[in-house]
Amino acid sequence: MIETKLLPITQESIDLAAEYLRKGTIFALPTETVYGIAASAYNGEAVKDIFRAKGRPQDNPLIVHIAKMDMLYDLAREVSEDALKLAKAFWPGPLTMILPRSEKVADEVCAGLDTVGIRWPSHPVAQKVILESGLPFAAPSANLSGSPSPTNAQDVYQDMNGRLALILDGGESDVGVESTVVSMVEDTPVILRPGYVTKEDLEGVLGKPVALSHAILEKLGEGETARSPGMKYKHYAPKAQITILQGSLEKFREYVSKFEGQPGIFCLCFEGEEASLPLPCVTYGREGDGASQAHDLFRSLRHLDEEGAVKVYARGPKQDGVSMAVYNRLLRAAAFQVVEL
Ligand code: TXA
Ligand code: MG
């Protein structure tokens, strides 16, 4: 078993991470969305170690993180005008673009596809590690495959202790859900995974419609192929079984009150609602405020496990703007169990 070091952010720990990147040792680090596990995008053997550490299916490709525009041109075979517009508007930040891949990217990163996902993170630690090593890094979220993504170093440690050598502790991630993934390989861009950068944000910059993959809010049909391989796997699932209850707080209260006093049954609700609910509660942000919900969601899912929740009734978020990203994650955490009140 590997010994896992958990280090604060210092020049020394950043130097160590940059050295790991150059020599092909995987490690975890903070980004503004969620924590990631990094390996050089040019080192196929190191990238294989990421898949091993996470228990991730081999056919699910990784996102490559850059910190200057030259790196974009090294990794992508072609960068359309629309892609450039989005890069100028949203980078550095929580947007990943799927582009035609160059030969230089390790095959393991792209999992057999002819495309590569690229993003320029705004987190200073991620940027420093890339610039110091001179290497763009491939990085998935730093959770065990299937678990909620980690938004702080302790949550990474919980999943990855003994599986990698180093975790850089940069505190809490600001955004809390993973980047928006938009495919730029056809004329009409398609959002494959919603995030903090919304459909409206993208359309505003491009001045044209952006499509939403239907897999965002629906279960894939039997035998249907996913545009984004990640969409076909079980995701974000805590140990507890979750059911989303869509409707007013009043109806929610009425529905859950029949479980009062039963052990292991919890509410996942919005801040300020706890006092009026008859069950133990964990909150995730404020009602109607997608950004605060995104910030808290994954931590709250892990918190429910820590509290020993067996069954959870969740207040349903809205489905537009940033809330779409929240609903997309919560739906998967709930294995698509939704009750309309
Ligand atoms: O915010 C984020 O994006 C975080 C941080 C660490 O940057 N990373 C992250 O990576 O969420 P991961 O591996 O957990 O999710 C990547 C998603 C998966 O759903 C994957 O299938 C999709 O992006 N993806 C990656 N490359 C792709 C490609 N070439 N075509 C289609 N989908 C792709
Ligand atoms: Mg992930």
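Here, each number is a calculation from the coordinates, and none is a lab measurement. As the structure is a computational prediction, the values presented were derived from the model and not from experiment. Backbone-built Cβ (ideal geometry, glycine too); neighbour counts: all protein chains shown.
General remarks:
- Comparing 165, 142, 275 in a Gaussian network model of the chain where C-alpha atoms under 10 Å apart are linked, the largest mean-square fluctuation is found at 275.
- Between 55, 285, 93, the residue with the greatest mean-square fluctuation in the GNM of the chain (Cα pairs under 10 Å linked by springs) is 55.
- Among 31, 96, 198, the residue with the largest mean-square fluctuation in a Gaussian network model of the chain, with springs joining Cα atoms closer than 10 Å, is 198.
- In summary, the aspartates and glutamates within cross-link reach of residue 5, defined as a Cα separation below 13 angstrom excluding same-chain residues under 8 places away, comprise 169.
- Tilt relative to the chain, helix 44-54 - C-alpha long axis, 0 to 90 degrees, to 10: 10 degrees
- Region 241-340: relative contact order in percent, alpha carbon pairs under 8 Å with at least 6 residues between: 39 percent
- Taking amide H as placed 1.01 Å from N in the peptide plane, residue 115 has its amide H under 5 Å from the amide H of 101, each at least 5 places away in sequence or on another chain.
- Straight-distance crosslink candidates among lysines, where the alpha carbon sits under 18 Å from residue 88 and sequence neighbours closer than 8 are dropped: 68, 199, 208
- Principal axis analysis of the Cα atoms in region 95-185 yields extents of 36, 31, 25 Å, listed in decreasing size.
- Under 23 Å from the Cα of residue 239 - lysines, other chains or at least 8 residues apart: 54, 219, 258, 311
- Where only C-alpha atoms are counted, convex hull volume of the chain per residue in Å³: 129 Å³
- For the pair residue 11 and residue 255 in one chain, pulling the backbone fully straight at 0.36 nm per residue adds 82.5 nm over the alpha carbon distance.
- The mean sequence distance of close C-alpha pairs (under 8 Å, at least 6 residues apart), as a share of the length of region 5-216, puts its relative contact order at 30 percent.
- Separation of alpha-carbon centers, region 130-169 and region 241-299, rounded to whole Å: 29 Å
- Within region 238-254: backbone nitrogen closer than 16 Å to the residue 319 label point (7 Å, Cα to C-beta): 244-248
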